[in-house]
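The values are calculated or read from the model by the stated rules, or taken from the named source; none is laboratory data. If you're wondering where the values come from, they're calculated on a predicted model, not measured in any experiment. When we count neighbours, we look across all protein chains shown, and the Cβ atoms used for this are built from the backbone with ideal geometry, even at glycine.
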Amino acid sequence: MKKIVCEMCESTEFVKEGGLFVCQGCGCKYPPEEARKLMREVEEEPEEKPKIEAEEEPQEEEPQEEKRNIPLHTPESPNKLAVTDIVTGHATIETNLIGFPEDVFKPGPDSVVGMNGIRFKLHNLGGKPIKYATVYFTPYNAVGDPVSCEARKYSTYGVTVTGPLLAGECWEGGNDNLWYNYSITEARIDRVEVQYLDNSEELYPGEEFYSQDGTKLKAALGENMGLLQVFRNQPALVTKTNKVNRLECILSNGERFEVGLMQTVSIPLPYGTYKMRFEFYGSKMGLIPAKNKETPEFVVDGDVLVELTVDAMWGGFKSKITKK
């Protein structure tokens, strides 16, 4: 197969850093144009094959997680989480409309060396605050078979999220340097290991996140549940409500939560019809009067976004409700 071969040390091990391909043998760096010129057919040494097989077999049998005895997450557990928006692809640098370079994550492998990374969202839907969560992914090709990194020889890999991640919050990110393999078209969740702030742990099996046939990612909240996201689109306290230090939202089901400047709060809700009213608090007084103190009635039968903007004339907040 074709690989980049370092002209200094003949190594074929490269990682991509800051748009450059960095040789792991000598540290030499190449831009993409030069890296393409260095690609050539490289024969795998036959003596390495038995070595790989000998190393892979114990890895498949080695249940490090079982030795740690992490309790298995069950439907009865009060802790709930979801993994959504999983995308495999590669990071690159492109020039934006005003001529500045910016980092971009594009679906599909890197065209030069077949590098694949992953981006996803982790939602803490309820229960304990999360201290650490490691989401393990396995890559698959277009016909649904699991594949491995051709350079590092592993398949399943874990991406660790560092909290705290409170109930209702969502983390978004990933890792841009996981698998060298041109055939990867998607990655599926193998398992999620969670450590909570009280240092208790739970293991979420991958099957929990997928449909019965094991291929389609479940909706973030399962059946008959939706995600209400409330966004306070107010960058600064500069309008008639400039005395408002705190905004508290109260749902018609009695649930209360605060929303800060330019903050989004996510609340899992059963399907149903809701209204939301507001209470405003100043720094040296209690409630502040305002006209717009509640939203219109809205239906949650999926994911709903409520965007709050300040009413400069009458005070309070105007609300824009959209289904995602």
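Tabulated values for the structure
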| read-out | value |
| --- | --- |
| Elements of type strands (runs of 3 or more DSSP E) in region 73-160, at least 1 residues being farther than 25 Å from Glu208 by Cα and free of Cβ contacts under 8 Å to residues at least 24 places away in the same chain | 80-95, 101-107 |
| Given (1) of a type in the set (A, V, I, L, M, F, W, C); (2) at pLDDT 90 or above; (3) more than 21 Å from the chain's Cα centre (by Cα), index of the condition Ala236 fails | (2) |
| Matching residues, region 140-154, being surrounded by 15 or more Cβ atoms within 10 Å (Cβ to Cβ) and either under 18 Å from Glu207 (Cβ atoms) or under 16 Å from the mean Cα position of the chain (by Cα) (or both) | Tyr140 |
| Single condition Trp179 does not satisfy, out of (1) within 30 Å of Val42 (Cβ to Cβ); (2) outside any loop (DSSP other than H, G, I, E, B); (3) free of Cβ contacts under 8 Å to residues at least 40 places away in the same chain | (3) |
| Val300, sole failed condition from (1) modelled with pLDDT of 75 or more; (2) touching a helix residue (DSSP H, G or I) at 6+ places or on another chain (Cβ under 8 Å) | (2) |
| Search result, residues across region 86-120 that are among the hydrophobic types (A, V, I, L, M, F, W, C) and within 18 Å of Ala35 (Cβ to Cβ) | Ala91, Ile93, Val112, Val113, Met115 |
| Members of region 90-134 found to be modelled with pLDDT of 85 or more, touching an Asp or Glu at 6+ places or on another chain (Cβ under 7 Å) and among the polar types (S, T, N, Q), listed by number | Asn124, Thr134 |
| Criterion violated by Pro268 - all others in (1) touching an Asp or Glu at 6+ places or on another chain (Cβ under 9 Å); (2) under 30 Å from Glu76 (Cβ atoms); (3) at pLDDT below 85 satisfied | (1) |
| Which numbered condition Ala167 misses (of (1) in contact with a Gly (Cβ under 6 Å, 6 or more places away or on another chain); (2) more than 27 Å from Lys2 (Cβ to Cβ); (3) surrounded by fewer than 19 Cβ atoms within 10 Å (Cβ to Cβ)) | (3) |
| Answer residue from region 3-38, given it is surrounded by 13 or more Cβ atoms within 10 Å (Cβ to Cβ) and among the basic types (Lys, Arg) and is farthest from Gly89 (Cα to Cα) among those | Lys29 |
